[in-house]
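Below you'll find the structure, written out as structure tokens, and then a few comments.
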């Protein structure tokens, strides 16, 4: 289906109708576990006070794909890991702006992204997140795997 400019809705001009947003954020990896939980709960409380929480993903420490640098009062800090978490919520654009304002000033948040989504997509993401937590982590040594594959291939070669 072809879409023209008139068919598209600008987020800024979305009016006052509630929308579903997904806020993903990285928390400082040097925070003690209890502080990570408190920070997550405080962000969730802010979101819940401005709208309805649809789905969420508890914080979990992950390696970052690239280093994030941030200038702080004590100097520059580089982050190679962080606690990642997300919250999907439904609220009005006005309340959404207040949520984003609160997250921006939280010094424990290294970086965040906030996107428009749907309830179904958010619930599916929550299901996938739960499944990923239950899946055993695979620790593979690429060199050993390549060596084993080469050995198996050489054994199957007939001369």
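The values are calculated or read from the model by the stated rules, or taken from the named source; none is laboratory data. Computed from a predicted model, the values in this text were never measured in an experiment. All Cβ positions, even for glycine, are placed from backbone atoms using ideal geometry, and neighbour counts span all protein chains on display.
Count, please, the residues in segment 106-122 that happen to be in contact with a strand residue (DSSP E or B) (Cβ under 7 Å, 6 or more places away or on another chain), at pLDDT 95 or above and in a loop (DSSP other than H, G, I, E, B).
1
If residue 103 meets every condition in (1) closer than 21 Å to residue 32 by Cα; (2) more than 16 Å from the chain's Cα centre (by Cα); (3) assigned to a helix (DSSP H, G or I) apart from one, which number is that one?
Only one criterion is unmet by residue 103, namely (2).
Out of all the residues in segment 63-76, is one or more at negative phi, assigned to a helix (DSSP H, G or I) and surrounded by fewer than 11 Cβ atoms within 10 Å (Cβ to Cβ)?
No: segment 63-76 contains no residue that is at negative phi, assigned to a helix (DSSP H, G or I) and surrounded by fewer than 11 Cβ atoms within 10 Å (Cβ to Cβ).
Against the conditions (1) in contact (Cβ under 8 Å) with a residue 40 or more places away in the chain; (2) part of a strand (DSSP E or B); (3) more than 18 Å from residue 106 (Cα to Cα), where does residue 82 fall short? Just the number, please.
All conditions pass for residue 82, except number (3).
Go through the residues of segment 146-158 one by one and say whether even a single one is modelled with pLDDT of 90 or more, outside any helix (DSSP H, G or I) and surrounded by fewer than 16 Cβ atoms within 10 Å (Cβ to Cβ).
Step one: of segment 146-158, the residues modelled with pLDDT of 90 or more are none.
The answer is no, given that none of the residues of segment 146-158 is modelled with pLDDT of 90 or more, outside any helix (DSSP H, G or I) and surrounded by fewer than 16 Cβ atoms within 10 Å (Cβ to Cβ).
Looking at (1) loosely packed, with under 10 Cβ neighbours inside 10 Å; (2) within 21 Å of residue 39 (Cα to Cα), which is the only condition residue 87 fails?
Every condition holds for residue 87 apart from (1).
Test residue 102 against the stated conditions and say whether it is out of contact with any strand residue (DSSP E or B) (no Cβ under 8 Å at 6 or more places or on another chain) and touching a residue at least 24 places away in the same chain (Cβ under 8 Å).
yes
Each row is one residue, and each column tells you yes or no for (1) assigned to a loop (DSSP other than H, G, I, E, B); (2) over 16 Å from the mean Cα position of the chain (by Cα); (3) modelled with pLDDT of 95 or more.
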| site | (1), (2), (3) |
| --- | --- |
| 38 | no, yes, yes |
| 42 | no, yes, yes |
| 48 | no, yes, yes |
| 55 | no, no, no |
| 59 | no, no, yes |
| 78 | no, yes, yes |
| 124 | no, no, no |
